[in-house]
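Here the structure is laid out as structure tokens; the discussion comes afterwards.
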Amino acid sequence: MHLEEGLMADYVIIGSGVAGLYTAICLAKHGRVAVLSKQDLTSGNTWFAQGGIAAAFSEEDSPALHFEDTWKAGGCFGWRSAIQVMVEEAPARIQDLLRMGVKFDCRNGRIDLGQEGAHSRKRILHIGGDATGKELLGALLHRAREAGVIFVENAFAERLLLVEDRCRGVVFVKDGRGYCAYARAVILATGGCGQIFKCTTNAPAATGDGLAMAFQAGAVLRDLEFFQFHPTVFFPPQGKPFLISEAVRGEGARLVNRHGEYFMEQIHPRAELGPRDIVARAILAEQQKTGGPVYLDMRHLGSAYARERFPTIYNRCLEWGIDISRDLIPVSPAAHYLIGGVQVDLDGRTAVENLFAVGEVASTGVHGANRLASNSLLEGLVFGHRVARAAAAIPPQKGGKPDILQVKASGKEEAACRAAAEPLQQLMWQHVGLIRRDAGLSQARRQLKQWWPLTGYNYAEAALNETRNMLIVAAMMVEAAAARRESRGCHYRHEYPDQDPGWAMKHIRFQKSSPLPARPESMDYPEPHFCSGTQHIMMGGEFHDSSADD
Ligand code: FAD
Ligand code: SIN
């Protein structure tokens, strides 16, 4: 493909979710900011967020309590410095949103704080009842436009441009033509990878592109074995699964089995509001035990309150003939959130100079081995602000032609890649889902090794490049899941059901030995690396042992 000189900016941000937009707004005063989105501007997971944004915002709450809940929910595996930053800077970021005109729901003249699982206080700010993501995104888009941010929609970022190991830009494809965008800093805000699983709450755009691009460019990926499954998802007879927010359980909704019996109290002291992985596995076990569905019972809310507090859920269920104020909702777990990602420091720097990552694509360390509900939108805001500050300090970059190697797929590889998409989702759901078994992981690994040669090519169709990216991410996830022989947070191994203290501080990382350009034959199957005892972070591209920080 002939590449055109497409775009010159100071900062290129890939992704228009909460993380990308908030970073863009913060950067706009420092230079020309361009935001690329592979579909329309609302295509990411942010649009679908329901429950809200967590922040210590009441007199009964404090950043210290928010810290404790985040740390415990994460299986005491998170990076304490990053959690500290997030909970302490949360109220300031909420104030920013209020100044931008975001209208959080209020009750009796005060912000109405919701309750969600594993939070010891009510601290979830929500908008439009359960339409937090849609309303937040609308407000951020409005502000970003006012600030002069340039948007390029339907622009599929394919690979990062490196000059002497520094990130200088990105190659993107729009309307079948390839372009180079150059900038002094590139910010990956491409979201997660839920689409690697057959059953997911995630937007179709969540195909792990940013993770694959970062890996190809030499960044470090970490903690990919930790993928969170949401317990309560409604699977309509046709179409996409639909999340039933945890906030519903926060309002007192109960889980019942096919016989109308409650079962969560026997499983966790906080019953329905226990950690997500425990609730999700309990639902699976109950389905298996009774041979029937598990339901959410929220009939106690009454019609008027249900409609006012959860209008999106109310209307979506009604489309399928379920009136949530009168009927039970059948629910089952689905893939929801990538906890690991591109390893970053406290300012979102990756191991590649001038490349940043923020939002779900990044691994800041705040979520540990399991994410506390509603901490993800918050993470995008807090670290978006920090990334902008760090990126603004990068001086303009001069000269240097990137080495662009495109290895075009032949018709044979295209056909093989197309054929791999659905079986990959099935394979990951069956063997790398909520419960991971030795035999299943081995089978997944064998299959992914067979598919691996397909990851070395550039495909003419965006959908095939997405499949390639999903294969890259899936291979690393399987390797990490197989390597971690213990259960911790949302990573559950059937044969190793307990936490192993020997793994308490061990992180599994992946980094390609030679960054771009890559030929198919030089794309080695990813090997996990283990780092013990510390959370290595990057400082200006150098690894720095941060154990002293914690
Ligand atoms: P996203 O919002 O996913 O945006 C990614 C962007 O990157 C999109 O614009 C996409 O088009 C773009 N992109 C991706 N690849 C490319 C490419 N190759 N080229 C160009 N552009 C690309 N979290 C909470 O804290 N509270 C909640 O209430 C909550 N509810 C949720 C409900 C649902 C149904 C889901 C799925 C998630 C929920 N989460 C919630 C999680 C949270 O919404 C996400 O983690 C968060 O919104 C991710 O934001 P992001 O900006 O990192 O990515
Ligand atoms: C939900 O509303 O249940 C989702 C919240 C989250 O994933 O943080």
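The values are calculated or read from the model by the stated rules, or taken from the named source; none is laboratory data. Keep in mind that what you see is a predicted model, and the values were worked out from it rather than measured. Note that each Cβ is placed from the backbone with ideal geometry, even for glycine, and that neighbours are counted across all protein chains shown. Keep in mind that these areas ignore ligands, DNA and RNA; they rest on the heavy atoms of the full protein, side chains included. Shrake-Rupley method; radii C 1.70, N 1.55, O 1.52, S 1.80 Å.
Observations
- Candidate set from the range 51-73 (those that are part of a loop (DSSP other than H, G, I, E, B) and buried (at least 24 other Cβ atoms within 10 Å of the Cβ)); member that is nearest to ligand 2 (Cβ to nearest atom): Gly51
- Top-ranked residue in the range 77-110 [being open to solvent by less than 40 Å² (accessible area, probe 1.4 Å) and more than 26 Å from Arg389 (Cβ to Cβ); ranked as nearest to ligand 2 (Cβ to nearest atom)]: Asp105
- Checked against the criterion of being touching an Asp or Glu at 6+ places or on another chain (Cβ under 6 Å) and under 29 Å from Val163 (Cβ atoms), the candidates Arg349, Arg386 yield just one match: Arg386.
- Test: residue in the range 203-213 that is assigned to a loop (DSSP other than H, G, I, E, B), among the polar types (S, T, N, Q) and either more than 22 Å from Gln343 (Cβ to Cβ) or open to solvent by less than 10 Å² (accessible area, probe 1.4 Å) (or both): yes
- In the range 196-229, of all residues being within 16 Å of ligand 2 (Cβ to nearest atom) and of a type in the set (A, V, I, L, M, F, W, C), the one that is farthest from the chain's Cα centre (by Cα) corresponds to Cys199.
- Positions within the range 320-336 being small (Gly, Ala, Ser) and either closer than 17 Å to Asn257 by Cα or touching a strand residue (DSSP E or B) at 6+ places or on another chain (Cβ under 8 Å) (or both), in sequence order: Ser332, Ala334, Ala335
- Flag for Phe263 being away from ligand 2 (no atom under 13 Å from the Cβ) and under 20 Å from Leu338 (Cβ atoms): no
- Options Ala369, Ala373: the member that is within 16 Å of ligand 1 (Cβ to nearest atom), at negative phi and open to solvent by less than 20 Å² (accessible area, probe 1.4 Å): Ala373
- Candidates are the residues of the range 1-25 that are open to solvent by 20 Å² or more (accessible area, probe 1.4 Å) and not charged (D, E, K, R); the one that is nearest to ligand 2 (Cβ to nearest atom) is Ile25.
- Among the helices (runs of 4 or more DSSP H) confined to the range 241-311, the ones with at least 2 residues that are surrounded by fewer than 19 Cβ atoms within 10 Å (Cβ to Cβ) are located at 276-290, 303-309.
- Some residue of the range 342-355 being within 20 Å of Trp71 (Cα to Cα) and within 10 Å of ligand 1 (Cβ to nearest atom): no
- When the range 175-194 is filtered for residues that are open to solvent by 30 Å² or more (accessible area, probe 1.4 Å) and either on the phi > 0 side of the Ramachandran plot or at pLDDT 95 or above (or both), the ones remaining, listed by number, are Asp175, Gly176, Arg184, Thr190.
- Residues within the range 15-46 that are within 7 Å of ligand 1 (Cβ to nearest atom) and either part of a loop (DSSP other than H, G, I, E, B) or touching a helix residue (DSSP H, G or I) at 6+ places or on another chain (Cβ under 8 Å) (or both), tallied: 14
- The condition (being over 24 Å from Pro241 (Cβ atoms), at pLDDT 95 or above and buried (at least 24 other Cβ atoms within 10 Å of the Cβ)) is satisfied by just one residue among Val344, Val361: Val344.
- Test: Thr42 is within 16 Å of ligand 2 (Cβ to nearest atom), among the hydroxyl-bearing types (Ser, Thr, Tyr) and either touching a strand residue (DSSP E or B) at 6+ places or on another chain (Cβ under 8 Å) or in contact (Cβ under 8 Å) with a residue 12 or more places away in the chain (or both): no
- Test: residue in the range 402-415 that is touching a residue at least 12 places away in the same chain (Cβ under 8 Å), closer than 26 Å to Gly133 by Cβ and more than 11 Å from ligand 1 (Cβ to nearest atom): no
- Subset of the range 87-110 that is hydrophobic (A, V, I, L, M, F, W, C) and assigned to a loop (DSSP other than H, G, I, E, B) - its residue that is farthest from His30 (Cα to Cα): Phe104
- The residue that is nearest to ligand 2 (Cβ to nearest atom), counting only those in the range 375-408 that are closer than 23 Å to Phe172 by Cβ and touching a Ser or Thr at 6+ places or on another chain (Cβ under 9 Å), is Gly380.
- Going through (1) within 14 Å of Ile329 (Cβ to Cβ); (2) within 16 Å of ligand 2 (Cβ to nearest atom); (3) in a loop (DSSP other than H, G, I, E, B) one by one, Thr232 falls short only on (3).
- Inside the range 498-523, residues that are loosely packed, with under 10 Cβ neighbours inside 10 Å and at pLDDT 90 or above make up a count of 2.
- Which numbered condition Ala118 fails, given (1) of a type in the set (A, V, I, L, M, F, W, C); (2) at pLDDT 95 or above; (3) more than 30 Å from Val35 (Cβ to Cβ); (4) within 16 Å of ligand 1 (Cβ to nearest atom): (2)
- Looking across the range 441-451, the residues that are open to solvent by less than 20 Å² (accessible area, probe 1.4 Å) and either touching a Gly at 6+ places or on another chain (Cβ under 9 Å) or within 13 Å of Leu424 (Cβ to Cβ) (or both) come down to Ala444, Leu448.
- Note on the range 47-85: residues that are over 23 Å from Gly17 (Cβ atoms) and either within 16 Å of ligand 1 (Cβ to nearest atom) or out of contact with any strand residue (DSSP E or B) (no Cβ under 7 Å at 6 or more places or on another chain) (or both) total 17.
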